[in-house]
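Working notes, beginning with the structure itself.
The values are calculated or read from the model by the stated rules, or taken from the named source; none is laboratory data. From a predicted model like this one, the values you see are computed outputs, not experimental measurements. Here the Cβ positions follow ideal geometry from the backbone for every residue, glycine too, while neighbour counts run over all protein chains shown. What goes into the accessible areas is simple: the full protein's heavy atoms, side chains included, and nothing from ligands, DNA or RNA. Shrake-Rupley method; radii C 1.70, N 1.55, O 1.52, S 1.80 Å.
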Amino acid sequence: MMGLNRQAIALISDHADPAAAIGLEEAGGQNVYVRHIGENLANLGWQVDMFTRKVNPDDPDIVQHSPHCRTIRLKAGAEKYIPRDELFAHMPEFVDSFQQFQTKHGLNYPLIHTNYWLSAFVGLELQKISAIQLIHTYHSLGVVKYQSTANIPLSADLRLRIEHEILEKANYVCATSPQEEETLRSLVSSYGKISMIPCGTDTSNFRLMSKTDARLQLKLGQNEKIILYVGRFDRRKGIETLVRACALLKEQGINNFKLVIVGGSSPQMPDAVERERIEGIVSEVGLNPQIIFAGRIGHDILPLYYTAADVCVIPSHYEPFGLVAIEAMACGTPVVASDVGGLKFTIIPEETGLLVPPQDIEAFANGIHRILFDELWARRMRKQAAANVIQRFTWAGVAIQLSELYRMTLAQSIMHKQPRSSRISDLKLKATSPSSILKNSTLSATQV
Ligand code: UDP
């Protein structure tokens, strides 16, 4: 169902399906980001169509999330899981399927927001053949990833080239933290426009609750310390560092704790390999009595885990943003995180958590120890952490900033199409709804 006065826009998320279950191989922050900005942009008056690749023939082609926000699954390669490193070959088909969808439904999206480099390719192709405005969010940067990985895929050169091209050719790219903006400028290109708009969290779901109740519901002991990890099984997430840090605590005579690891893995997928590797390390360091592998947990139950925990640990080698940090803090749980990327932006050291050097087992053990055993300080951080997230990182706030960026971009495109004398210089400020900007524009999307 499309609203009569709504401007339709497209979000493209090649591999990260906004309607998928989160927490398994490949499904993480990007899925959450696209889904939440989509729903919140719809609340602000846009018609939001989110396009992704269909990976399962049993999945419906269209999932309606709310009256004006839907996921549309396009044919691009076989309808089965294809690893990201092999997906590029199917992106031209994605472009064709997208064009066919537009033609079939009489649509002509004037603005497309792409996510991840594979979708950037789709956006750049569409930019060549139609008058679209292009916004891009990276989610992960090849130039950073390849610095810390031994297995450089065949697609690496292509990825670097596309990540460079999108920065220079998109109307704007969104950096989700000042750190990401700096990385883009220093390692990708000094050309192109960057708008810093963070990620967010749903503060009506991730919020302060009773720790006693949360532990009761999860059947966790009231008197033991709980250390939590939430995220995918991926070597770059640094779970090994956390396990070894906990082993160090145990060596220091601290036994009364549980390490709860939340996140799923699928048989025969690369995340199962990492999970097995982590299980091996857990046995090797004698942490079996302390470990709980909780599996994949949905956002409905996840707030209980954050609330039940005394500390949430984010040992990633790198994070452009790191949603788990703000989810934990929104629930009042202090974090110990690697001093990298967006985590430096979201966490206020000593006030909402601690930042320590990545992969530094001893520093993680010390940080966890400090939070576990200074209860007064931890209690103060609980309030500060939740307040910090409410103030800076709600999806509603993020969507307002994105909506403004879209309006400005569309307004600029209209101005560039008009003779200089008739430019409306403050159109972006006066527009009250997305549709009003395009009322007299040749770019107006066909409404159905
Ligand atoms: N997540 C989840 N269930 C799980 C594991 C993870 O819902 O079992 C979610 C988590 O709550 C967060 C996202 O997956 O919203 C991970 O995002 P983040 O930015 O931390 O990491 P990414 O996956 O993008 O590397």
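How large is log10 I(q)/I(0) at q = 0.12, 0.17, 0.23 Å⁻¹ when the Debye formula is applied to the Cα atoms of region 75-187, each weighted equally and without solvent? Reported log10 I(q)/I(0), two decimals: -0.45, -0.87, -1.36.
Each eigenvalue of the Cα gyration tensor of region 101-159, multiplied by 5 and square-rooted, gives one semi-axis; in descending order these are 30, 11, 9 Å. Please work out the Cα center distance from region 330-351 to region 118-192, rounded to the nearest Å. About 26 Å separates the Cα centre of region 330-351 from the one of region 118-192. When the chymotrypsin sites (Phe, Trp or Tyr not before Pro) in region 146-245 are filtered for DSSP coil states and for at most 12 other beta-carbon atoms within 10 Å of their beta-carbon, the remaining sites are 191. Taking the C-alpha atoms only, the angle from helix 116-129 to the longest principal axis of the chain is near 0 degrees. In this simple spin-label model, placing a label point 7 Å from the Cα along the Cα-to-Cβ direction at both residue 168 and residue 376 gives a separation of 5.8 nm.
Please state the charge dipole magnitude for region 1-140, taken about the Cα centre, from unit charges on C-beta atoms (+1 on K and R, -1 on D and E), reported in debye and rounded to the nearest 20. Provide the component values of the computation, followed by the final result.
Values: 11 positive and 15 negative charges, 86 e Å.
With only Lys, Arg, Asp and Glu charged at Cβ, the dipole is about 420 debye.
Shown for the chain: the carbon plus sulfur share of the solvent-accessible area, taken with all protein chains present and a 1.4 angstrom probe, equals 51%.
Using unit Cβ charges (K, R positive; D, E negative) and no other charged atoms, how large, in debye to the nearest 20, is the dipole of the chain about its Cα centre?
Numbers: 46 positive and 46 negative charges, 268 e Å.
Computed about the Cα centre, the dipole is about 1280 debye.
When every Cα-Cα distance of region 1-122 is counted in 5 angstrom steps from zero, the calculated P(r) takes the values 2, 12, 23, 26, 21, 11, 4, 1, 0 percent. For the pair residue 350 and residue 145, the difference between a 0.36 nm per residue extended length and the Cα-Cα distance amounts to 70.9 nm. Taking every protein chain into account, the accessible area of the chain amounts to 41 square angstrom per residue (probe 1.4 Å). Expressed as a whole percent, the proportion of Cα-Cα pairs in the chain lying more than 34 Å apart is 34%.
Each of 100, 130, 358 was placed along the dipole of the chain (beta-carbon charges, centred on the mean Cα), and the one lying farthest toward the positive end is 130. Surface calculation, 1.4 Å probe, protein heavy atoms: residue 103 sits at approximately 110 Å² accessible. With N the number of residues in region 163-226, Rg(Cα) / (2.2 N^0.38 Å) evaluates to 1.93.
Tally the DSSP beta bridges in the chain and give the antiparallel ones as a percent, rounded to 5. Numbers along the way, then the final one.
Working: 4 of 51 bridges.
Bridges in the chain that DSSP calls antiparallel: roughly 10 percent.
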